[in-house]
Every structure is written in structure tokens, then in C-alpha cells.
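Worksheet: the structure to be examined is printed underneath.
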């Protein structure tokens, strides 16, 4: 919009400013994603921002045994590669040494002099040659070697395997879906019917009902928990069923989501052309048919907006699920599971980051693929309604 | 065949009375036009007949049955809306067939009827299209098709041409006139604020102002014998000139009305003389705006005019075309 | 695993199907009981009228029922509980409120809540406005906005994991893996346990909410900026106003009502803030806010429903003015409709 006024030098500054803000905003999430793909030892050893560059790691290994010695020109040599025995370690050697006090005392490729006139050379590729003027004996075989290896970035899906299959995240994922799908569809249906009634049907107290619904928009959710919990327990005892059921949590989410849903959908449905509704009335359609054949297809964008809202809200909810759904393995939802892990596996970042990423990947996918509707809903919900 | 009878109809929204004691007899098969300035209640009256609005008091009869409490779909009426109100997500076929579907007709019969209507309105090749893929005129035809297919006894039109451009409006006016010819038994009620539409299409015109019926009559009756200053001013273009003062007093009236085409020029000074302020040349006619002691008068001259701006003109109304109005603005006969 | 998926699928179908079933079934029943298909029959007309009186309540019924059970009933019940003792048996008058007034923890929570209210809505709105204006002038502005917007899709728990990782602390001398401490040590500072720093830890928790909510403010304000008629900006430019003057004299006044909406929306959210404190510090280190205090009194350590309810009422009363404002706005819109 301001294109016409902008000055060229300021455009560069502008781009940089926005880039910095973006970096600030995406860094925390990037850290999570990158860490979840790193080896658990690496996560603990270095910051995630170093993961993309090569890391210098101090390692130790054992040289080969005397049985491998070869006699040549009156000298005895043992040759091999320091990476051979080291599990999963590869890369380049930058320095080596034979004493723990100076693990990198000798640059790679130089000759280190040991006791008894022995010499050791470790090359950049990890190959080494240990040379001795006398035959190697038991005493000096299998000696230790220390080296500094610079490792290329390594990424692994191992953390994900762990959390999905042995930490119970996979199971919670399904629980979350079981909660979320009906808790999204049911309020849409109920709210759409109510919104149509409040927008187009003749009924007493219409204005009052709308005002109450708008008022309920801001009721703090936490305050309904105790009364509802009591109600659930009483109902459970009365009907002889457990008080913590999927049905209970669906209805709770529906109840809490309804004010916004009705508010959003009503303002959209009330904005449909009056002529259309009246035309359908003259065409002999009853309200159920008008709703189903005319209104529902036309308010699809609003339905989609609300669906995304409700989906995100239910998927991301912790409190309602904790209170109204049990915490057994076949009921605990992802957020609850993650919260539990935060307590029990507080220091295990490989578990936490991978679990967190599993929980946020679904909402992020929904968000990025349906952003248009999401934004539209936000605008309808706040700008127009105010 | 259905006549419509309105007896003492009143309609209020809260304290605002929109329709005031309207009584009207619409004969079966008649094309009747409600005309009036915006806010005169003509659309409300139409909506009351349709059943979309409930009347506050009075009796409404369609086909000799009181329908005050009958919902729109049971009144045997069809309505063409100003916006056409085509269902944007349904094809032309579905739009036309929707009412039949609601009546629970079998699929084959719906198909037969819709196709027949499509043929009648030259929409056959558009039946599968969505409304947004149609031109303005075609949409109008679909809207009319929806009315025809139900075989309604009464068609209600709510300013159906006001969304069209000038050229298309003339064409659609002719199509509606033709439709009336093809359906001689269907009673049609048409609302417009455009007196040209009223004059060209109506069997009878109902002029409304502020919720009251001012006059009912054929177009020529209204043109030739308006019963009030309001009707006289509303019907005819350019507007009738109203002259007060001496010329009116001479004819024992408060006001006299003279249409622009009913003036003569006189060489000698008359009661009504003034200077030519401005001339509009339309080709077929010229409109002369003459500034006189009783205000600005409009004079129509066929073809070109010989008079120049600033020239002094003496005007003389043609006696037989002068309309006289009394103190209460009603016509003096 | 398969069994669980099947069970989940079955429950989902049952739940959603039941809901569809209600609407179809009840309407079918209504049409059946009061048939209206016979043409122009007097009874059909009467039945239609009966239908028109009943049907709105079929449509509204489930919504009204659920709203009553899940929101209206709890509000009333909470008011009642707040005047009763810990188990809800005995009427104690204003004792719970009196207790709250003198309770240190309550005062601390109020103080923290006010701190949040003072910082978060202002910061979000300001950042949102700045980002909206900046990105409005960029060809990749939409991409930038969606990246800022993204945290809105992340759960509070997920955000807590992300930010715990940012704030992670290792003893001095060790390699820091939390980026904040890494930056601090890089510039020669001492690493800190950010979330237990007295007083300042509140701000580290607020940063999370700002991070989440700025995207909301940005998107709403960007749309409002788009709505400003371009000719007013051009006119200001011709009148010789510079970019900053155009911003605060022409743009901001025109989107003032939207700024207010964003501000109040975030304010309501902040009043109810709960999850971040629960997952980040669990109210430790003096970070408790009202909602968490209420939660603690209701669900932890013996529990005192009366006190918890009294705190809930305090939150409600704080939200009330905004609620009334909301209703009034909705009514105005209704009239304009």
C-alpha cells in the first residue's frame, strides 16, 4: 500500500528489520525441530545451533594388538584406523595424543614420540601407524590413543522411534484424534443450527439469547471445572458409568466452544442475502431444508474457519482433557502426555523435543494448509463483531 | 385464474405505519403496477401479498380465500426478486426445479417441467451452468423460469429490472410484456419506482405515497386525469409544471398544472412570461427551461428550437390540457 | 494398536453420527407429526404454523442445553460456592473474600496478573502494529506474517517445551545448550536460571505469550491497514507528510477501533492465563497468577472449593466490563443490521 512512498535505501533496512524479527520468532521452534533430530548425546553436549556445522569432539580409542604387528626394515609397525573400533564416529582427525591430559597434543599427520623410542602418527583420515624399534610385547600392546575428531552434522530419527513406540506418544496421538474429531464436528453442527435459528427464524427472546451468548464468550473456563466435575461424578454414579468418558470430554469441548461458534456463524449467516432465504420460503422449503440446501453450502467458509479454530483449540487443550478424561494410557491425550513427560523426563531433551514436535506437527499442518480460512475466521470474529 | 382483494390493509413496524388503510381489487389476469417514490410502501405491500410480511390489520384475499395467515408457499404465488435471489451454488436446472422438489414431485416429472420452461425461455443450453456463469438477462430469465415452472396463479415482481443497464432494461421490459401475453390467466403484480416501466407495462397503475393509495387507473387515465398534484407530478417525464398565483386564480384554482408539451408561444405578452435560461437538445425534442415569476417552467418543443438563451418568451397553456388543483391539492373537475 | 484405532474410529462415528441423527430425526419427526404437504389444505396451513413455532427450538435446543450445563450452571454454582466453606456445606458469607484480601499468595497473584495485563496486551499490540506496517510494504510480507503467526497454532504445553529449551540452564563452565544462556555466556556473562529469577521470571513467562499472541495482533491489524482507503494516504503524502507522520496521524487513527479490539481480546486472554504458568513453573518462584491459584485451591492439597470459587469470581468480575462492552457492541451491530 505504501509502495509509492517508500525510499530505496530504506527498503533494504526494512527487509533486514523484518528478517531479524522473523529470526527472533522462528528460532525457538527451529531449536526444537533441529534438536529432536539430533543424537541424544549431541543434544546434551552442544547447543542445537551448532548442529549444522562440524563439531569437534574429543574421543579416545585403542590401538591394535601386538598380533597385528608387521616387521619391516628391522622396525615393527602396527597400522590401522582410529575410527574402526569407534561406534558411529567418523569424520576428520584434527589432533591426537596418547595422554589423557593432552588429548590433542599433536596435530594430525605429525609424529609423536612415545616411551621406549616408539613413534605414532595419526593422519587426518584416522589412519595411524605405530612404529617401534623392538618387537611389541604384551606390555605395550593395545595402548590408548586420544584424538580430536571433527564430526560432520549427524541427524537421526531415532528419537521419534523412541517416543512414538516406547514412550506412549503414538498411543496418545490416537487418543488426541479420538477427542478432537468429534469435538470439532459436533459443535459445528450444533452451532450452525443455532446460528441459523438466531439469524433467520422467528422466535421469542432472540435478542436476549444472542446477548447471553456474547456474554458467555469471556467466561473463564477454569471456573466451570469444579461444578462440572461434581455434575459428572453425580451423573456417573447415577447411571452407573465411569464419569470420565470420551463422550463427556466431547460435550465439554462443545459447550466451551459454542459461544464463539454461534457468534461467528450467526454473523456470517445473518449476512447472507435476505432474498435468498425468502425465495426459498416461497419455493416451499421448510427451515430444515433451507438450512440444509441453501444456508449450509453457502456458509462453508465460515464453517471451515470455525472448524480450524476448534480443532486447534481442542488439540492444544490440556486442562479440559486432564479434568474430564482419565490419565490412563488409552485416554491420556498428547498435551497431557507431554506435560507428564515434562515432569518425569525433565532433562531428557531428546524425548521432550521429539514428543513436542509430534504434538505440534498436526496443528502446524492444519494451520499452514488452511491458513486462509483461519485468518478469515479471526477477522470475522474480532474486527466485525468487535 | 386468481383475483386479489385487499381490504383496509394496515402494516406497522413498531410505531411506524408503513401501509395505511389500503383497499384494492386486482382482477384475475391483470398486470398491475405499484409505483411510487422510495419509501412509499410499495414493496411492503407486495411482500404482504406474498406472505413474507404479515399485515397488521385488514383482510387479504387471493382467489376469494382469505390468506392472512397462510404461509407464502401455500398462497399459490411466485416472486421475482430485485436481486433475482438465484441460489448461487445450484445449477440453473436445480434453481428452477427447487420448488418442485419441495413439493415432492418425482424426478422425471421435475425434469420434464424444467426442460419445458427452459425451452420457453431459451435457457436449454444453460441448464447445467451456475448462475454466476450467466449474463444479467439470462439470470433474469432463470428467475422468471422459477416462477413459471410452479404454475403459480399470481406472479409478484419486486423491481426486477433495476439492476440492469439501460439497453437490457428495455429488452427485458419487452420480454416481460411478452410473458404476460403468453400467460393471459396469470395475475401479475409489479413494483417499480420507474414511471416509464409503469406506463409501458401496466394494465392498471396503483400510485402510492407514504403508505396510501393516491390513484388507481390505466396509464392514460393517470396521464390525462391525475387526481392530485402528487400523481400529476409523478406520472410523465419531464415533470408537469405547476403554476400558482395569478394564472391559477384566473381559473379559480390554487394551482394549475401544465405538461411541458402543452404550451404554446405567443407573440404578445401573457400571464406567464419569462426568459429562456437554458436549452436541452435531445434531437427528437428540445426542452426549454424558462425562468418566470412563478418559478422555472419546462417547455417541450418537437425537433430543434429557434429560441436563443436569454430571449424573452411568452407562454400560453393549451386550455383543454390545463389541470386545475384546489386548496387540498386534489383535482378540480 | 489396531484395536485402539478401531475403537477410536468407532467412538468417533458413534459420536458424530448421534449428533447428525438428532437433527435429522427430530426434524423428520416434526414433519411427520404435522404433515404440511397437502396443497392448500387448511390443516396443512395450520400444521405449517405449528412447525414454525416448534422448529426454532429443535435447532436451538442442543445449543441452549449445552450452554446452560457447561457455562451458565457453573457460573451460578461458583457464585454460590464462593459464599460457602471448603466442602460447600456451610454458608460463610464473605469469609472467603476476606481471606483472599489478606492472603499473601492472593496478593502476589493479583500483582502478577496486573503485571501481565500491563505488559502483554501492550507489547503484543505494539509489535503486531509494527510488524503489520513493515510487512505491508514487502513482497514476501505474507510469508513473513505467517511465520510470525505460526506460534498461534502451537499448544501452550508445546510452547512451554520450546521455551524451557530456550531458557535451559547448565552450571557455569559447562557448555550451555539453552540459547539464551549461550548468548549471555558468549558475551562474558554468567548463566542464569531464568525461570526462578525473582520478579524477572514473570517477564520470561510473558515472553512466551507475547511470542504466541503477536501473530494474532499482526494479522488483524494488517487486515485493518489494508482497509484504509489508499487515497487518504496519497492525500497526506501530497500534503507533505512524511512516513512517520502518515503512520501516526493518518493510519493509526483510522484503525483505532481495531487496535482497541486487539487490545481487549488479548486482555481477556491474559486475565485467564493459566497453562503457561502451570507448565513452566507450576506457580513456583512467585509466578502464580489468579487462575493458577484458583486451580491450586480447587484441585490440590485438600482443596477448598469456597476459596477457589471466590478467586474465580474475582476473575469473572475483572472480565465483566469487557463482557458488557462486547454485548453492547453486538447490540449496536444488531441494530445496524
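Relative to its residue count, the range B:1-50 spans a Cα convex hull of 73 Å³ per residue. Projecting label points 7 angstrom from Cα along Cα→Cβ for residue B:119 and residue B:311 puts them 6.2 nm apart. Computed from the C-beta positions of residue A:155 and residue A:79 and an R0 of 45 Å, the FRET efficiency is 0.85 to the nearest 0.05. Angle of helix B:166-182 to the longest C-alpha principal axis of chain B, folded into 0 to 90 degrees and rounded to 10: 60°.
For the range B:168-238, what is Rg from Cα atoms divided by 2.2 N^0.38 Å, rounded to two decimals?
Values: Rg = 12.8 Å, N = 71, 2.2 N^0.38 = 11.1 Å.
Compared with the compact-globule rule of thumb, the range B:168-238 sits at 1.15.
Separation between the residue A:41 and residue C:54 pseudo-spin-labels, each 7 Å from Cα along Cα→Cβ, expressed in nm? A separation of 7.5 nm, rounded to one decimal place. Legend: calculated FRET efficiency, residue B:107 to residue B:61, from the Cβ-Cβ distance at R0 = 35 Å, rounded to 0.05, equals 0.50. Taking the inverse of the mean 1/r over every pair of distinct Cα atoms in chain C gives a Kirkwood hydrodynamic radius of 25.0 Å.
Helix C:104-136 and the long axis of chain C differ in direction by around 90°, with both axes built from C-alpha atoms. Note: relative contact order over the range C:2-81, using C-alpha pairs below 8 Å and six or more positions apart, is 21 percent.
Return the inverse of the average 1/r over all pairs of distinct C-alpha atoms in the range C:2-81, which is the Kirkwood hydrodynamic radius, in Å to one decimal.
Computed over the range C:2-81, the radius equals 15.9 Å.
With the Kirkwood sum run over all distinct C-alpha pairs, the range C:189-257 has a hydrodynamic radius of 15.1 Å. Taking every alpha-carbon pair in the protein assembly as shown and binning the separations at 20 Å intervals from zero gives 10, 28, 28, 20, 10, 4, 1, 0 percent.
Computed over the range B:240-325, the P(r) curve from all C-alpha pair distances, binned at 5 Å from the origin, holds 3, 16, 26, 28, 16, 8, 3, 0 percent per bin. Binning all Cα-Cα separations of the range B:4-233 at 5 Å, short to long from zero, yields these whole-percent fractions: 1, 7, 14, 18, 19, 16, 12, 7, 4, 1, 0, 0. Whole angstrom only: what separates the Cα centroid of the range B:39-67 from the Cα centroid of the range C:135-204? Here the two parts' Cα centres lie 68 Å apart. Where the centre of each part is set by its Cα atoms, how far does the range B:8-27 sit from the range B:210-277, in angstrom? Centre-to-centre (Cα) distance: 29 Å.
From the square roots a ≥ b ≥ c of the eigenvalues of the alpha-carbon gyration tensor of the range A:184-297, which class results: rounded (a/c under 1.5), prolate (a/b over b/c), or oblate? It is prolate, given that a/c is not under 1.5 and a/b is the larger ratio. Legend: translational diffusion of the range A:160-384 by Stokes-Einstein, Rh = Kirkwood radius over C-alpha pairs, 10 °C, 1.306 mPa s; D = 82 µm²/s. Pairs of Cα atoms nearer than 8 Å and 6+ residues apart set the relative contact order; for chain C it is 23 percent. Separation of the range A:297-338 from the range A:146-200 is 10 Å, based on Cα centroids.
Taking chain C as a Gaussian network of alpha-carbon nodes connected by springs under 10 Å, the highest mean-square fluctuation of the residues C:222, C:312, C:236 belongs to C:236.
Looking only at other chains, what is the average number of their beta-carbon atoms within 10 angstrom of each beta-carbon in C:7-16?
Per-residue shielding by partner chains comes out at 6.
The alpha carbon convex hull volume per residue for the range C:74-133 rounds to 112 Å³. With a Förster radius of 51 Å applied to the beta-carbon distance between residue C:108 and residue B:225, the computed FRET efficiency rounds to 0.05.
Once the chain from residue A:30 to residue A:66 is taken as fully extended at 0.36 nm per residue, the excess over their C-alpha distance is 8.0 nm.
Average projection, convex hull of the Cα set of the range B:51-127: 6.8 square nanometres. Projecting the alpha carbon convex hull of the range B:136-177 along each direction and taking the average yields 2.9 nm². Relative contact order of chain B: 17 percent, from C-alpha pairs under 8 Å at least 6 residues apart in sequence. Relative to the longest principal axis of the Cα atoms of chain A, helix A:349-369 runs at roughly 40 degrees. Here the label points at residue B:181 and residue C:142, each 7 Å from Cα along the C-beta direction, are separated by 5.3 nm in the simple model.
Using the alpha carbons alone, the radius of gyration of the range C:11-134 stands to its Kirkwood radius in an Rg to Rh ratio of 1.27. The slack between residue C:187 and residue C:126, meaning 0.36 nm per residue of separation minus the straight C-alpha distance, is 19.1 nm. Per residue, the convex hull around the alpha carbon atoms of chain A comes to 252 Å³.
A short reminder: the numbers here are calculations on the coordinates, not readings from a lab. Worth saying up front: this structure is predicted, and the values here are computed from it rather than measured. Cβ coordinates were reconstructed from backbone atoms using ideal geometry, including for glycine residues, and neighbour counts include every protein chain displayed.
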